[in-house]
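Worksheet: one structure, shown below.
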Amino acid sequence: MKKIFKFFFLSNISLSLIVGVFGCARGAQTEPAPSENQGTETTEGTDATTAPAEKIKIKFSHVVAETTPKGQAAKMFEELAEKYTNGKVDVEIFPNTQLYNDDDVLIAIQENNVQIAAPATSKISKLFPEWQVFDLPFAFSDPSQVQSAMEGKVGQQLLGLLEQKNILGLGMWDNGFKQMSSKESQLIKPEDFKGQSFRVMSSKLLEAQFKAVDANPTPMPFSEVYSALEQGVINGQENTLSNIYSKKFHEVQKYMTLSDHGYLGYAVITNKEFWNGLPDDVRQALEKAMNETTQWVRDNAERLNAEELEKIKAENPKLEIHELTVEEKKAWMDKMDVTYDLLREDLKTSGSTIGDQLIDAIIELRGE
Ligand code: LMR
């Protein structure tokens with residue numbers, strides 16, 4: 001992570017406009033302050049030398065529960081950010097899609113209606129298709145491999161793309177491996193998927209993954225998955241154990257397969273102008289808070305997901321849970337591997353110049 005941070009922070013520092021302490025946090029508040037001065041010094045009519053400066057407001061929007069790795073990390077960032085800036089910023093977290101779903105949040109960030117978000121990497125592929133590389137099935141067999149990709153050239157190149165759309169990547173956070181579930185049948189052999197419909201995040205690669213096993217992918221926001229499963233609009237879904245547990249998907253599913261077939265991680269993003277316009281001391285304090293939070297989520301996400309598995313078992317003992325064997329995994333891989341070539345083609349068609357490099361780097365990490 002350190003390398004990425006160095007890369008972004010150095011470019012941030014060089015771009016920063018150093019104005020007064022709070023004078024340049026452009027658009028830091030989406031709701032006007034009482035004085036209508038967005039992020040400026042004092043309230044109208046007060047003595048500028050004695051009146052306390054207004055806090056810089058940072059809205060952090062996400063879609064998951066507060067108990068999940070991302071939910072807990074957001075809280076931790078809030079606490080550390082306020083502490084390290086000596087209360088100069090006020091971070092407000094909006095969990096559970098209270099403000100935006102992860103597709104809309106990409107626009108909200110570009111327009112500085114929220115200042116921080118952490119959408120799943122899959123969802124960023126709507127803006128930059130290169131981000132689909134993190135969705136490649138069975139690309140990673142261990143969280144440390146994902147972290148190498150996030151911290152290395154792959155992460156650096158992907159985060160770098162965001163600047164074209166006035167977005168700055170502050171880092172990448174872990175959730176964990178995705179597992180499959182269904183109401184219809186066990187999912188052990190690739191043939192078991194045939195004809196079933198599965199919710200996917202908005203990523204063409206995830207759609208291709210399900211088509212490769214003759215299933216029907218249905219893109220849908222996270223907030224709609226529970227009722228779609230309950231009402232039978234879809235048969236199944238894929239997600240991490242912490243997301244499955246916190247949104248009670250296990251209550252409306254009969255079968256779950258511990259498949260670890262894909263990884264769910266996040267890009268923590270901000271509005272580039274907003275961030276570069278922050279006073280240096282505030283930005284540095286926020287970077288420190290972000291670095292520490294990233295390290296915490298790296299160290300704890302796997303444990304949090306493992307704990308949720310036990311809770312799922314306790315709360316729905318009827319859920320049939322199957323852990324894929326090595327041979328069964330191989331059969332899934334044989335079918336789903338087609339997505340690697342499809343992605344190469346897709347990235348070529350979309351004019352990407354780094355598609356092959358990214359896919360090759362992921363394959364190398366996979367050890368092939
Ligand atoms: C999903 O939509 O399933 C996930 O992106 C939710 C999340 O942010 O973990």
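Any read-out appearing in this document is the output of simple, stated calculations on the displayed coordinates, not a laboratory observation. Only a predicted model underlies this, so the values are computations on that prediction, with no experimental measurement involved. Cβ coordinates were reconstructed from backbone atoms using ideal geometry, including for glycine residues, and neighbour counts include every protein chain displayed.
Within the range 257-299, whose backbone N sits under 20 Å from a point 7 Å along Cα→Cβ of THR325? From the range 257-299, the list is 257-261.
In this Cβ point-charge picture (+1 for Lys and Arg, -1 for Asp and Glu), the range 163-253 has a dipole of about 60 debye about its Cα centre. Put in order of Cβ neighbour count within 10 Å, fewest first, the listed residues PHE60, PHE134 become PHE60, PHE134. Applying 1/(1 + (r/R0)^6) with r as the Cβ-Cβ distance of VAL233 and ARG344 and R0 = 22 angstrom yields a FRET efficiency of 0.10. The charge dipole of the range 56-366, taken about the Cα centre with unit charges on the Cβ atoms of Lys, Arg (+1) and Asp, Glu (-1), comes to about 320 debye, rounded to the nearest 20. Highest GNM mean-square fluctuation among GLU302, GLU315, GLU66, for the chain modelled with Cα contacts below 10 Å: GLU315.
Among GLY87, GLY236, GLY351, the largest mean-square fluctuation in a Gaussian network model of the chain, built with springs joining Cα atoms closer than 10 Å, belongs to GLY351. Scanning residues 5 or more positions from ASN216 or on other chains, those with amide H under 5 Å from its amide H are GLY195, GLN196, SER197, PHE198, with H placed 1.01 Å from N in the peptide plane. Computed 3J(HN,Hα) for the range 53-65, one whole-Hz value per residue from the Karplus formula 6.51 cos²θ - 1.76 cosθ + 1.60 where θ = phi - 60°, is 5, 6, 7, 7, 8, 10, 8, 10, 9, 8, 10, 9, 6, glycine and proline marked x.
Across the cross-link table entries LYS247/LYS318; LYS59/LYS123; LYS55/LYS247; LYS194/LYS330; LYS123/LYS153; LYS126/LYS211, which are compared at the Cα atoms, the separations over 22 Å belong to LYS55/LYS247. Applying the Karplus relation 6.51 cos²θ - 1.76 cosθ + 1.60 with θ = phi - 60° to the range 349-364 yields 3J(HN,Hα) values of 4, 7, x, 5, 9, 10, x, 4, 4, 5, 5, 4, 5, 5, 5, 5 Hz, where x marks Gly and Pro. Each of VAL233, SER125, THR293 was placed along the dipole of the chain (beta-carbon charges, centred on the mean Cα), and the one lying farthest toward the positive end is SER125. Structure remark: mean-square fluctuation, Gaussian network model of the chain, C-alpha springs under 10 Å; the largest value among LYS59, LYS247, LYS348 belongs to LYS348. Taking other residues whose beta carbon is less than 10 angstrom from the beta carbon of LEU205, and scoring Lys, Arg as +1 and Asp, Glu as -1, yields -2.
3J(HN,Hα) along the range 327-339, derived from phi through the Karplus expression 6.51 cos²θ - 1.76 cosθ + 1.60 where θ = phi - 60°, amounts to 5, 5, 4, 4, 5, 5, 4, 4, 6, 7, 4, 4, 5 Hz, with x in place of Gly and Pro. Each of THR325, GLN196, ASN166 was scored by the projection of its Cα onto the charge dipole of the chain, and the greatest displacement toward the positive side belongs to THR325; charges sit on the C-beta of Lys, Arg, Asp and Glu. Amide hydrogen proximity for THR85: with H placed 1.01 Å from N in the peptide plane, no residue at 5 or more positions away or on another chain lies under 5 Å.
The mean sequence distance of close C-alpha pairs (under 8 Å, at least 6 residues apart), as a share of the length of the range 56-366, puts its relative contact order at 26 percent. Footprinting exposure proxy ranking of TYR84, TYR263, fewest other C-beta atoms within 10 angstrom first, gives TYR84, TYR263. Loop-resident GluC sites (Glu not before Pro) (DSSP state other than H, G, I, E or B) in the range 92-198 with no more than 12 further Cβ atoms inside 10 Å of their Cβ: GLU111.
For ILE321, the amide hydrogen comes within under 5 Å of the amide hydrogens of MET256, counting only partners 5 or more places away or on other chains and with H modelled in the peptide plane.
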